[in-house]
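The values are calculated or read from the model by the stated rules, or taken from the named source; none is laboratory data. These numbers come from a predicted model, not from an experiment. Because the Cβ atoms are built from the backbone with ideal geometry, glycine has one as well, and the counts that use them run over all protein chains shown. Each accessible area value is taken on the protein alone, full model and side chains, heavy atoms only, with ligands, DNA and RNA left out. Shrake-Rupley method; radii C 1.70, N 1.55, O 1.52, S 1.80 Å.
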Amino acid sequence: MQKKIAIIGGGIVGATAAYYLSKLPGTQRLEVTLFDSGVGQATKAAAGIISPWLSKRRNQRWYQLAKSGADLYPELIHDAQLGTEVYQQTGTIVTREEATDLETLFALAQERRQTAATMGDVSTLTAQEVQAKVPLLSKPQPGVFITGGARVDGDALVHALLDRASEKNLTVRQERVSLTPDGQVVTSMGPRHYDRVILAAGAWLKDLVAPLAVTADVRPQKGQLIELAVKDYELQENMPVVMPEGERDFIPFGHGKLIVGATHEDDGKFNLTPDATVTADLLGSAQRLMTGITANDISGVRVGTRAYSSDFAPFFGPVPEHELFLAASGLGSSGLTTGPQIGRLLAGSALYGGTPDWSEYELPLTTYLRSSAE
Ligand SMILES: Cc1cc2nc3c(=O)[nH]c(=O)nc-3n(C[C@H](O)[C@H](O)[C@H](O)COP(=O)(O)OP(=O)(O)OC[C@H]3O[C@@H](n4cnc5c(N)ncnc54)[C@H](O)[C@@H]3O)c2cc1C
């Protein structure tokens, strides 16, 4: 008999879960339906930096998860036969003004490299060497260069993964759904029962699980970035991502597209309206490192809603006392990095069952998902 699986949310977590549910051994017995409301998705708005290794976060579980997410990317992209317009290891440069800060950062990079092969080669670059790699910067700073750092187009990635899965066992429905207290999925065609349901609803998880009498520790945060149309350098497609000290990040894509961002606005919550003051602030960051950039060079503004938990850590797995459901949220500002690994693990759990031990990556789920009766 066919096993029916529903996925609610078509961001990076839902899309990778759907992809692996069409690829893993045993998936020919599955019928998968993904529901996505298409509103506010963080994945579509994201800047696209995949470079977790120099983060100062002390949370070791987060680091293991982010590192394994960065490791998974080359394999996922190769397996799904996606091109460099979606994902490319262009390298990342993290800059520091002071020589001692640069040395400290380089020492951290060397230490992390010992257990992170995906980082590739690690070196320090002078300001001139940074400019040679990223000629659009007219006022570069010296930095640490990591060849394995990457940039990804989140929107293109989820579309491609959903297309691949749709060739096998996936149906995508663009609609907002809800849950009944007894665990059915309320769709535009009425309530439906599924054998497993993956709740990949990002910042909206709290609302989604409320009918189950479950409280999710998730809050929304607005993020905004700008896209600039800059001169198309010959090496544009291979330019490293630059994370300048004290400024916004610079993410060059092909064909003269440069992303500058992003903001973290707790007050913004679910607000998706671009803020002109924020746009001016992002432009200011670009102007401090590049000459000749004006507001006329802004080709787009993107806004999305990130999900944060109280300890800023992502969480995922079977919902306590409601094991029909698997949930994920709280991916914060690094969810494009951790998301594919979370989606893959959830897909395996939905398919094979059992009680996976993910303590290497996260605290127990009861930390974030509690009965609202408590
Ligand atoms: C501006 C910005 C820049 C970022 N830059 C980076 C970066 O450079 N690197 C990085 O690693 N991460 C980055 N992130 C973070 C990353 O984008 C997110 O953490 C990640 O995309 C979250 O993925 P998700 O699948 O959990 O949620 P989302 O991508 O938000 O997807 C959730 C989906 O569920 C849908 N949904 C919710 N409720 C329902 C319902 N009831 N019915 C149907 N559909 C529903 C929503 O509409 C949405 O489409 C950035 C985020 C933002 C906003």
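So here's what we get for this one:
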| item | result |
| --- | --- |
| Of the criteria (1) within 15 Å of the ligand (Cβ to nearest atom); (2) open to solvent by less than 60 Å² (accessible area, probe 1.4 Å), which one K269 fails | (2) |
| Subset tally (residues that are in contact with a strand residue (DSSP E or B) (Cβ under 8 Å, 6 or more places away or on another chain) and open to solvent by 70 Å² or more (accessible area, probe 1.4 Å)) for segment 176-187 | 1 |
| Number of positions in segment 179-206 that are among the acidic types (D, E) and touching a residue at least 24 places away in the same chain (Cβ under 8 Å) | 1 |
| Residue tally, condition of a type in the set (A, V, I, L, M, F, W, C), touching a Leu at 6+ places or on another chain (Cβ under 9 Å) and part of a helix (DSSP H, G or I), over segment 64-112 | 5 |
| Residue match in segment 206-228 (condition: open to solvent by 20 Å² or more (accessible area, probe 1.4 Å) and closer than 30 Å to T147 by Cα) | yes |
| Checking V242 against (1) of a type outside the set (D, E); (2) part of a strand (DSSP E or B); (3) open to solvent by 10 Å² or more (accessible area, probe 1.4 Å), the condition it does not meet | (3) |
| Count - residues of segment 135-176 that are part of a loop (DSSP other than H, G, I, E, B), among the charged types (D, E, K, R), closer than 23 Å to E234 by Cα and within 15 Å of the ligand (Cβ to nearest atom) | 1 |
| Residue tally, condition open to solvent by 20 Å² or more (accessible area, probe 1.4 Å) and in a strand (DSSP E or B), over segment 33-56 | 2 |
| Qualifying residue in segment 14-28 (condition: near the ligand (Cβ under 8 Å from one of its atoms), open to solvent by less than 10 Å² (accessible area, probe 1.4 Å) and within 16 Å of the chain's Cα centre (by Cα)) | yes |
| Residue within segment 305-321 that is under 25 Å from N169 (Cβ atoms), out of contact with any Asp or Glu (no Cβ under 7 Å at 6 or more places or on another chain) and open to solvent by 10 Å² or more (accessible area, probe 1.4 Å) present | yes |
| Scope segment 304-334; condition in contact with a helix residue (DSSP H, G or I) (Cβ under 6 Å, 6 or more places away or on another chain) and farther than 25 Å from L212 by Cα; matching residues | G304, S334 |
| Enumerated strands (runs of 3 or more DSSP E) restricted to segment 267-374, each holding at least 1 residues that are within 30 Å of K231 (Cα to Cα) and either at pLDDT 95 or above or in contact with a Lys or Arg (Cβ under 6 Å, 6 or more places away or on another chain) (or both) | 298-308 |
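Per-residue answers, yes or no, for (1) surrounded by fewer than 24 Cβ atoms within 10 Å (Cβ to Cβ); (2) not hydroxyl-bearing (S, T, Y):
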position	(1), (2)
S329	no, no
S334	yes, no
G339	no, yes
S349	yes, no
G354	yes, yes
Y361	no, no
S371	yes, no
